[in-house]
Amino acid sequence: MAEPLFSLDGRVALVTGAARGLGLAMARSLALAGAEVLLNGRDEGRLRPGVETLRAEGLKAAALVFDVADDAAVERGFAAIEREHGRLDILVSNVGLRNRRPIDQLSGTDMREMLETNLTAPFILAKRAAALMLPRRRGRLIMVTSVAGSLARAGDAAYAAAKGGLTALTRALAAEYGAHGITANAIAPGFFATETNAPRVADPKVRSMVEMRVPLRRWGEPREIGAAAVFLASEEASYVNGHVLTVDGGLSASL
Ligand SMILES: NC(=O)c1ccc[n+]([C@@H]2O[C@H](COP(=O)([O-])OP(=O)(O)OC[C@H]3O[C@@H](n4cnc5c(N)ncnc54)[C@H](OP(=O)(O)O)[C@@H]3O)[C@@H](O)[C@H]2O)c1
């Protein structure tokens, strides 16, 4: 029988920042498509509920604890992947910090911290993941950027700079690793109703801004990001490389 479209059977995927929010939603979708998913976060206890929920659904999921901004911890994490799985097929680099401050209140230290976690860490993760993918001449690097990487809002300069850099890094990864059978693409979410955004979702002023700016007139639900990750990770996306897949309800397409 022909294999179903978008099957990830037999693939090993690492999703960073998967204790909750978009990371957990993408981890679940990848697992539903058949992948064995390693959910990363900094705390085993915070990862456990997500891992247990996926396992209760009969999905293949395990926790992998490390801080993406700690090079030595990242190295230990990848050594564990090599030891226990011998391969990595899909990286979803999803961790992203935010520091909403006007520029005059944003210090050099704030900016450096933001670039460290949102840009340097994904670079190191991608490089380390690619080293595991190169021997098989196949692999999928998926960077989670943001519409803020191409559309600016006042009071969000560090995040915009880091996500814009991450979008450019995605293209550089695509240009460099394409010759080795590894694709690199990005997902750019718009406004999503994640746990982190709960206070903003509850704020009537933010709600009316979202309803006015987003053509679909609502926040995205985390489950609405998962199919983008599955598509980019799949064999069906074999000729999609260096692309930014925007998932924003039409926000960036409208004035
Ligand atoms: N939500 C949105 O509307 C939206 C819109 C555009 C783009 N994005 C992007 O989408 C991604 C996910 O957003 P989100 O709102 O779902 O994330 P989130 O809830 O803020 O964070 C997800 C997880 O990341 C983990 N984490 C944080 N720092 C980490 C580190 N240094 N190392 C390892 N894990 C770490 C946290 O777990 P622990 O604290 O347990 O480690 C947390 O559970 C981010 O890159 C964000 O910029 C989100």
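Each value in this text was obtained by applying a stated rule to the coordinates, not by laboratory testing. Being a predicted model, the structure only gives us computed values, none of them experimental. Neighbour counts run over all protein chains shown; Cβ positions are idealised from the backbone, glycine included.
When we screen Thr145, Thr196 for residues that are surrounded by 22 or more Cβ atoms within 10 Å (Cβ to Cβ), of a type in the set (S, T, N, Q) and either without any contact (Cβ under 8 Å) to a residue 24 or more places away in the chain or closer than 24 Å to Leu24 by Cβ (or both), the only hit is Thr145. Counting the residues of segment 1-60 that are part of a loop (DSSP other than H, G, I, E, B), under 18 Å from Thr117 (Cβ atoms) and of a type in the set (A, V, I, L, M, F, W, C) gives 2.
Between Pro122, Pro135, the distinction of being within 11 Å of the ligand (Cβ to nearest atom), under 22 Å from Arg76 (Cβ atoms) and either in a helix (DSSP H, G or I) or aliphatic (A, V, I, L, M) (or both) belongs to Pro122 only. Considering (1) within 30 Å of Met209 (Cα to Cα); (2) surrounded by fewer than 16 Cβ atoms within 10 Å (Cβ to Cβ), the lone condition that Gly181 does not fulfil carries the number (1). Here's a check for you: in segment 75-119, which residue that is of a type in the set (S, T, N, Q) and not in a helix (DSSP H, G or I) is surrounded by the most Cβ atoms within 10 Å (Cβ to Cβ)? That would be Ser93. Considering every residue within segment 184-199, establish whether at least one is in a helix (DSSP H, G or I) and among the polar types (S, T, N, Q). So far as segment 184-199 goes, no, none of its residues is in a helix (DSSP H, G or I) and among the polar types (S, T, N, Q).
Yes or no, residue by residue, for (1) of a type in the set (A, V, I, L, M); (2) over 29 Å from Ala172 (Cβ atoms); (3) surrounded by 13 or more Cβ atoms within 10 Å (Cβ to Cβ):
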site	(1), (2), (3)
Lys205	no, yes, no
Ile225	yes, no, yes
Ala229	yes, no, yes
Leu232	yes, no, yes
Glu235	no, no, yes
Tyr239	no, no, no
Val244	yes, no, yes
Gly250	no, no, yes
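May I ask you to verify whether Ser252 is within 25 Å of Arg100 (Cβ to Cβ), in contact with a helix residue (DSSP H, G or I) (Cβ under 7 Å, 6 or more places away or on another chain) and either away from the ligand (no atom under 11 Å from the Cβ) or polar (S, T, N, Q) (or both)? Yes: the conditions hold for Ser252.
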